[in-house]
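Chemist: Before I ask anything, here is the structure I am working with.
Quick note: the coordinates plus some simple rules give every number you see, no bench work behind them. Owing to the predicted nature of the structure, the values given are computational and were not obtained by experimental measurement. As a convention, Cβ positions derive from the backbone with ideal geometry for all residues, glycine included, and neighbour counts pool all protein chains shown.
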Amino acid sequence: MPGCEHFRGHTGDLCSSHLRQWKQAREAGLGKAAFLLNAEQLRPADPTGQQICRICPQRPASDIGRSLCRRHKYSWLYRMKTHGADADFDRWLSDQHPYPGCGQCQVTVCGDLAKSPLGLCAGHESRYRSAECPGNAQLTGRAGNQFSDPDEHSVVTYADQRQFRLWCSQVDPIPRANQFNLRGLRPLLRAEFQWGLFAHTQGQHSHWGPGWLQNLVNFCRRRDLNSLTELDLTECTPFSRLIAREILNGLRLVYFGPEDTRDAGFIETDHFGVRFPKCGSYFDLTMVSQRWLRNMLWDHLAASMRSPNCPRSAGVFANLRRACAELSAFLRLEAPEGGEDPTQLSEEHMLRFVTDQRHRASHGLASLSMKKADGTPFATTPASRRLIFNHVRRLLRDAMDSGESDRIGLDRGFIIAAPSGGAAVHRTRAPFSDEVARALADETNLQQLADSYDPQDQGIRDIWETIIVTGRRANEAIGLRWDCLGRHGDLPMLWHDQTKVGNYDQAIRIPEHLYHRLRQRQRKTLDHFVARHGRPPTDKERQAMALFPTRSRNPNGQKSLSYTWFRLGFKQWIAELNLGTCVPHQARHTLATTLLRHGASLTHIRRYLGQVSDRMAEHYTHVAVSEIEDVLHHVWVAGPAAPNPGELLSGNTSAMDREQALALAIDLSRRSTPAEGGFCTFQPVVNGDACPWNLDCHNCDKFVLSGADLLYWRRKREQWRSIAERAPDDATADYLHQVFEPTNRAIDGLEKALAGLKVVP
């Protein structure tokens, strides 16, 4: 709220007073922007510190509005009582003189002035009475009179002064709005909190409530910790634990150098300038108990991060750690001295490890080291066994090549015996069947997805429709930025990042209905920002906003929804529709298959889908290739030199089953031979004789076009039209168009024949 002098609370961006008013206004249907426009600006009700009397610099103010201590407050009240309307505050103020105070509050963590000769500020004096007066400190004589001069030694008595002093040293500070009291902490611990507060403000961060942080500070002070590294996180409250863990994660980079982390059993990726997506810097290696093996793993990871081919994600590191953890657990059980001495290991130990892993994978037994979040071990599978073998072999071979194995005395036979796990089995997802595709694009089902699994309207349906229509990867659709839409030449375009292959700011054309749906999502995202902040975003904020922002720890709307959130809703939706096993990535395969069926080449598909190579694109088109073999070659039309170019010669535009398609393929193969851009049907040439027209196929009436050659002839047509457009005069252009007209008619006939073609599976 602009102009409001109150402090905001632990959560949200409003003070407690405006938060209560906003909840009432929201229930009445008022928007946040309208509420902030009409809300009343509030004067400060909770000052950031103790106010001092305007007359007595050593006494706290009791009358906050006039800034008067208790003695001058009652003096002014007496003045008003005796003089009535004639009482002049300024004249009275000029006649007053300061009085001595009672010193500082005796509480160790308090910096306020004492309220009375008891030696406590107003807040701690109230707490002292609530604690039933430990030590029974009391004021005697005229000490309680606000007009008396303080005399600490004569007016305060104690039943147990030591107990009173102990209470003063242990009591917590009085909470102050937007203040953190670090008094009473050890110097190093205080510096750690100060540094942690600064580091937390850098970049995108969550909101730390003042009370949460003060609770952590009080907890550390009561235990008299020298450093935050001595803190037992299990004893903290949940919010304090999160704050402490974040500060400790940053402190490790300060307290440990790279070599220090090697000795301590972990590695910090930030030491190497690397931060993997959605991962922290800390990478624990203590599950590898043998020092020599852990050091070998650390050196390998460090070398990977220093190399130009640093991994893009933490998956490689996690696999190496898992492989070493399995080997470490086995050696700890089966090797001499738990495998701590590498000189005692031989080929026999590696062979036994290999046998054990194969046995576990064959029978689905529990892993030796890897456990789930609930403590139960993972099952060993052929895939995990392959992963373990490959990474153990990779690590040991690198150590042998670098000479590290010779330095520590590791037997060469132990290394050589580590087998290869073999290449990974890449199983491609099949495209959606026609029945499943219709169900996943049905309007009723899509509305059910939005209503049942996205009650807050965060955009799960919009994400799914974007994946269906564009074939983008799920994370590419989820991670769209707010300004991803645009029109260029009156064509709707979608701009996105293909981070997997390193292509950024890529644009593809999208249909109008998807364009309007994403436009509507833009308005919803913008409205949500306005509803949260009470103002529209600036140009800089709008450029950084996500189209599908998460509502968790995302005040500026820059962080997108997670794939886990989308996958969970999608999985439950599929289960409710009873469609079997379906994953979002199959939509990508379905689109690739459809593109290939309609004449697109693998190169076009690769560039449209953002694939690394044509070989990768082939994984998406295995169904379509078989369909082309069965169908496209069966449709023949007359060539450009025929009397009726484009006339359907074989095949039909009605549905055919695979037996009919096979019979037709055999018949056509007997009556033709392949030629450039089509087939030759001149029977002597088909039988193997030489062509009497010197292979001038495109000007021969025996030449026919097939459906498989449609893309070739489309490119030819574009080439001819380009030549005609560059003609020097209109007469030449007209002549070229007349020459190319038969070919154009043949292409049109082929397109017409293929337009109604369907295949019955």
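Chemist: I'd like the distance between the alpha-carbon centres of the stretch 217-264 and the stretch 301-335, rounded to an integer number of Å.
Modeler: 26
Chemist: Taking every eigenvalue of the Cα gyration tensor of the stretch 434-583, multiplying by 5 and rooting it, what semi-axes result, largest first, whole Å?
Modeler: 25, 19, 14
Chemist: Might you report the magnitude of the Cβ-based charge dipole of the chain about its Cα centre, with Lys and Arg at +1 and Asp and Glu at -1, to the nearest 20 debye?
Modeler: 2300
Chemist: Continuing with the same structure: List the pairs from Lys32/Lys500; Lys32/Lys73; Lys500/Lys540; Lys32/Lys278 whose alpha-carbon separation is above 30 Å, in the order I gave them.
Modeler: Listed pairs above 30 Å: Lys32/Lys500; Lys32/Lys73; Lys32/Lys278.
Chemist: Okay, next question. Please rank Ser369, Ser169, fewest neighbouring Cβ atoms within 10 Å first, as an exposure proxy.
Modeler: The order, fewest Cβ neighbours first, is Ser169, Ser369.
Chemist: Quick one: what Rg and Dmax do you get for the chain from the alpha carbons, in Å?
Modeler: Answer for the chain, Rg first and Dmax second: 39.4, 135 Å.
Chemist: Distance between the C-alpha centers of the stretch 172-206 and the stretch 729-751? Whole Å please.
Modeler: Distance between centres, Cα-based: 79 Å.
Chemist: Starting from the stretch 539-589, pick out the trypsin sites (Lys or Arg not before Pro) whose DSSP state is loop and whose Cβ has at most 15 other Cβ atoms within 10 Å.
Modeler: Here the trypsin sites (Lys or Arg not before Pro) that fit, given the DSSP loop and packing criteria, are Arg551, Arg553.
Chemist: Oh, and also: If we count GluC sites (Glu not before Pro) as exposed when they sit in a DSSP loop and have at most 16 other beta carbons within 10 Å, what is the longest stretch of the chain that avoids them all?
Modeler: Values: sites that count: Glu5, Glu40, Glu132, Glu340, Glu647, Glu676.
In short, 341-646.
Chemist: For the stretch 186-285, run through the trypsin sites (Lys or Arg not before Pro) and keep only the ones in DSSP coil with at most 13 other Cβ atoms within 10 Å of their Cβ.
Modeler: Passing sites in the stretch 186-285 are Arg223, Arg275, Lys278.
Chemist: Right, here's the next one. What is the Rg over Rh value, at two decimals, for the stretch 344-470, using alpha-carbon atoms and the Kirkwood definition of Rh?
Modeler: On the way: Rg = 23.9 Å, Rh = 19.1 Å.
Checking Rg against Rh, the ratio lands at 1.25.
Chemist: With unit charges on the beta carbon (Lys/Arg positive, Asp/Glu negative), name the residue among Leu166, His97, Ala33 whose Cα is farthest towards the positive pole of the charge dipole of the chain.
Modeler: His97
Chemist: Cα atoms only, the stretch 310-413: Rg and Dmax in Å?
Modeler: Taking only Cα atoms of the stretch 310-413, I get Rg and Dmax of 14.2, 41 Å.
Chemist: Here's another thing I want to ask about it. Could you give the nm distance between label points at Leu233 and Asp457, where each point is 7 Å from its Cα heading toward the beta carbon?
Modeler: Taking the simple label geometry, Leu233 and Asp457 are separated by 3.9 nm.
Chemist: Based on alpha-carbon centroids, what's the gap between the stretch 343-400 and the stretch 39-110 in Å, whole number please?
Modeler: Taking the Cα centre of each part, the stretch 343-400 and the stretch 39-110 sit 76 Å apart.
Chemist: Okay, next question. Specify whether the C-alpha gyration tensor of the stretch 194-234 places it in the rounded, prolate or oblate class, a ≥ b ≥ c being the square roots of the eigenvalues: rounded for a/c under 1.5, otherwise prolate if a/b is larger than b/c and oblate if not.
Modeler: Because a/c hits 1.5 or more and a/b exceeds b/c, the stretch 194-234 counts as prolate.
Chemist: Taking square-rooted eigenvalues a ≥ b ≥ c of the alpha carbon gyration tensor, is the stretch 430-475 rounded, prolate or oblate, where a/c under 1.5 means rounded and, failing that, a/b exceeding b/c means prolate?
Modeler: oblate
Chemist: A follow-up question, please. State, in angstrom, two size descriptors of the stretch 70-170 derived from its alpha carbons: Rg to one decimal place and Dmax to the nearest whole number.
Modeler: Both quantities, over Cα of the stretch 70-170: 16.6, 52 Å.
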